[in-house]
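The values are calculated or read from the model by the stated rules, or taken from the named source; none is laboratory data. What you see is a predicted model, and the numbers here were worked out from it, not measured in a lab. Every residue, glycine as well, gets a Cβ built from its backbone with ideal geometry; the counts of neighbours run over all protein chains shown.
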Amino acid sequence: MEYTIRIKKDSKSGWLTGQCEQLPEAITQGKDLEELMFMMEDAIKLVLECKRDEFREQLDDKINTIVRKLRMRNETNPAAKIFRRKRMHTV
C-alpha cells in the first residue's frame, strides 16, 4: 500500500518531520529524507499494529457483550413493588 507523507524542514536544525496523511498518528523525524522515510515506515507499522490490537479488543468486547433494552415499569402498581422487594431479598 502507498502512503502520502507530508514533510516539513525545520529551518534552524535542518531536521525533517514527516506525517502520514492516511494515518495522522504516524509522525517521525529524520536528519535527511532517507532516514525520515526509514523512520516513517517503522512509525506506520507501529500505528497499524496498535490499530489492529484495538480492533481485536473491540471485537472481543462485542462478542462477549449482550445488549438488552430495559423499559422501566410504572411503580404505581403495589403488587409489582412487593414482587420486586421479595425478589431482591431472595437473590
All positions within region 20-70 that are assigned to a strand (DSSP E or B), more than 15 Å from Met1 (Cβ to Cβ) and touching a Ser or Thr at 6+ places or on another chain (Cβ under 8 Å)
Ile27, Thr28, Gln29
What number of residues within region 44-91 satisfy the criterion of being hydrophobic (A, V, I, L, M, F, W, C) and at pLDDT 70 or above?
10
Filtering region 8-19 down to residues that are assigned to a strand (DSSP E or B), closer than 15 Å to Met39 by Cα and not polar (S, T, N, Q) yields Lys8, Leu16, Gly18
Working only within region 18-39, note down all residues that are of a type in the set (S, T, N, Q) and more than 18 Å from the chain's Cα centre (by Cα).
Gln19, Thr28, Gln29
Pairs only if they're at least six apart or on different chains, beta carbon under 6 angstrom, first in region 5-33 and of a type in the set (D, E, K, R), second surrounded by 11 or more Cβ atoms within 10 Å (Cβ to Cβ); list them, first residue then second.
Arg6/Gln19; Lys8/Thr17; Lys9/Leu16; Glu25/Val47
